[in-house]
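Shown next, in structure tokens, is the structure this report addresses.
Coordinate-derived values only; no laboratory data. The shown structure was predicted, so the numbers you read here are calculated from the model rather than taken from an experiment. Cβ placement follows ideal geometry from the backbone for every residue including glycine, while neighbour counts extend to all protein chains displayed.
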Amino acid sequence: MRVYGVIMAGGGGTRFWPLSRQKKPKQLLNLSGKALMINEAVERLSYTAKQEDIFIVTNSEQVSDMRKAVAEQISSDHILSEPLSRNTSACIGYAAMEIIKKYGDGIMVITPSDAYIQDTASFTRTLATAVRAAEKEDKLITIGITPSFPATGYGYIKFDKEQDAEAKTVLEFKEKPDEETAKSYLSTGRYVWNSGMFIWKASTILKKFKEFIPDIYADIEKIGEAMNTNDEYRIIDKVYSEIRKISVDYAILEPSASAGDVLVVPGEFGWNDVGSWDMMEVLHKPDSDGNIKIGDVLDIDTKNSVIYSSGRFVSVLGVENLVIVETPDSVMICDKGKAQDVKKIVDAIQEEGRTELL
């Protein structure tokens, strides 16, 4: 079957504020020093799906910048614009309906836009295994990351370890655990991290929509009926405001797993969900004092800190375990251990009506 790549790129990346903004979120930033994260995602996926068969789903506020960012790789009609953020169910349903109505059924390979993957070759081999499984069975396939430490920031997937198959039956999805629970998961060898990557036929996922979330399926179907007509974009704008917010994990994967209809392909390819400033060490090697310095930075007697300058000279003296980020209109400083909570700053700014900072 034809393979279609779908990159989910509608997130706000609020944990990377003040560098990440609504119109230019994390996926449109060059955090690695190599390329924009969205372009890195397209490049990786192009080994699995032809570039002309890759779609990007993003927020309407980001469409203009997204088109410019990927102009040399993705045609503008393959950038799907969501009028409102409605979580991953709406995003995936919209993409599945677009593919079915305009191009015909095929295998969807769905990835986030902002993960870091070190080993592209191993990643591509893992996706190939998942594509074979999706072609063979009308089941939902996900990619699990073999855990390298007892992470408390990721969800976990329990699978049938004894099963003699490349794609193994998922027994249960687990929420982010505490450290002791995470250690117990690792000791069994029966758990992988939930990567948020999915592989399935477009027709199969739409059947699951109809079965488990018929209200959202009805909304997506309205959009599908308007596709290839003059009313397409007007209907999308109208219907999206009515779509219920829910993730595809909760809405479809969890109940499907209970029925034995979800498979996981474990993989090891240097994956990391670079979700906040404290994870920059994944992209940049710390110096001998444990510091990561980007831009015009001077540090003295400073340890284990992330210091980012977008232009102005930033000097730091005698501090430890801080994140310091300078942009033209803002400076953000937080304890490195609180980097996951930077979103709280964004929420507070929003409550104060400081939209120019968002």
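Brief remarks on what is shown
- Over the chain, the alpha carbon radius of gyration divided by the compact-protein estimate 2.2 N^0.38 Å works out to 1.02.
- A protection proxy built from the mean count of other Cβ atoms within 10 Å ranks the segments 345-352, 245-252, most packed first, as 245-252, 345-352.
- Entry note, the chain: the mean residue ellipticity at 222 nm calculated from DSSP H runs of n ≥ 4, each adding -39500 (n - 2.57), is -9000 deg cm²/dmol after division by the residues and rounding to the nearest 500.
- Distances between placed amide hydrogens fall under 5 Å for TYR4 paired with ILE107, MET108, VAL109, all partners being 5 or more residues away or on another chain.
- Note on region 244-308: the alpha carbon radius of gyration divided by the globular reference 2.2 N^0.38 Å gives 1.85.
- Counting only DSSP beta bridges with both residues in the chain, the antiparallel share comes to about 45 percent.
- Kirkwood-Stokes translational diffusion coefficient of region 220-338, alpha-carbon pairs, 10 °C, 1.306 mPa s, µm²/s: 84
- Panel order for ASP53, ASP301, ASP164, ASP289, by other beta carbons found within 10 Å of each beta carbon, from fewest to most: ASP164, ASP301, ASP289, ASP53.
- Rg/Rh for region 277-357, where both radii come from Cα atoms and Rh is the Kirkwood radius: 0.99
- Degrees between helix 87-102 axis and first principal axis of the chain (Cα, 0 to 90, nearest 10): 50
- The shape of region 3-71 can be summarised by an equivalent ellipsoid whose semi-axes, obtained from the alpha carbon gyration tensor, come to 21, 13, 10 Å from longest to shortest.
- Among 214-221, 91-98, the peptide with the highest mean count of other Cβ atoms within 10 Å heads the list, and the full ranking is 91-98, 214-221.
- Three-way shape call for region 85-199 based on the alpha-carbon gyration tensor, with the a/c threshold at 1.5: prolate
- In terms of its alpha-carbon gyration tensor, region 1-152 comes out oblate; a/c meets the 1.5 threshold, while b/c is at least as large as a/b.
- Rounded tilt (10° steps) of 120-136 against the dominant C-alpha axis of the chain: 20
- Degrees between helix 179-188 axis and first principal axis of the chain (Cα, 0 to 90, nearest 10): 50
- Mean separation of Cα contacts under 8 Å, 6 or more apart, over the residue count of the chain: relative contact order %: 19
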